[in-house]
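Down below is the structure, laid out as structure tokens.
The values are calculated or read from the model by the stated rules, or taken from the named source; none is laboratory data. No experiment lies behind these values; they were computed from the predicted model shown. Backbone-built Cβ (ideal geometry, glycine too); neighbour counts: all protein chains shown. Protein only, heavy atoms only, side chains kept; ligands, DNA and RNA dropped before computing areas. Shrake-Rupley method; radii C 1.70, N 1.55, O 1.52, S 1.80 Å.
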Amino acid sequence: MKICIINGPNLNLLGKREPEIYGSLTFEEYFTTLQIENPTIAFSYFQSNIEGELIDKIQEVGFTYDGIILNAGAYTHTSVGIGDAVKAITTPIVEVHISNTFSRESFRHQSYISGNAKGVILGFGLKSYDLAIKSFL
């Protein structure tokens, strides 16, 4: 099984950015743990702060992988382009968020991804990614 994890803007700052919300681990540290805990899954990981690069990656893996875990960060709430990319591919996507976006600012309650995702998991910290992985097994 091949799963690609795609993270959007500012998620490269995990471990530094607002640790009370996002925790103290970097995503790279957490990704290593995911690989160890799921040895039968071939993971790839991509992070970008640039909307078009996220769309390119979704299109690149969106017809050949078994699953995509997408945390588009703030682009979740603003990017029609990312939403269209999710709709255009055949690989199922699980939208994840580390924080509970519904307990935050009202603009974070809108998602251009959710309507075309296999599911949405939010508010469980980095464990949101574990739950998304389980949904593909």
Kindly report the accessible area of the chain per residue (heavy atoms of protein chains, probe 1.4 Å, no ligands, DNA or RNA), in Å². 48
Could you list log10 I(q)/I(0) for the stretch 1-58 at q = 0.13, 0.17, 0.24, 0.26 Å⁻¹, which the Debye formula gives when each Cα is one point scatterer? -0.38, -0.63, -1.00, -1.05
As an exercise, identify the trypsin sites (Lys or Arg not before Pro) in the stretch 1-80 lying in DSSP coil whose Cβ has no more than 14 other Cβ atoms within 10 Å. K16, R17
Share of the chain's accessible area from carbon and sulfur, percent, 1.4 Å? 53
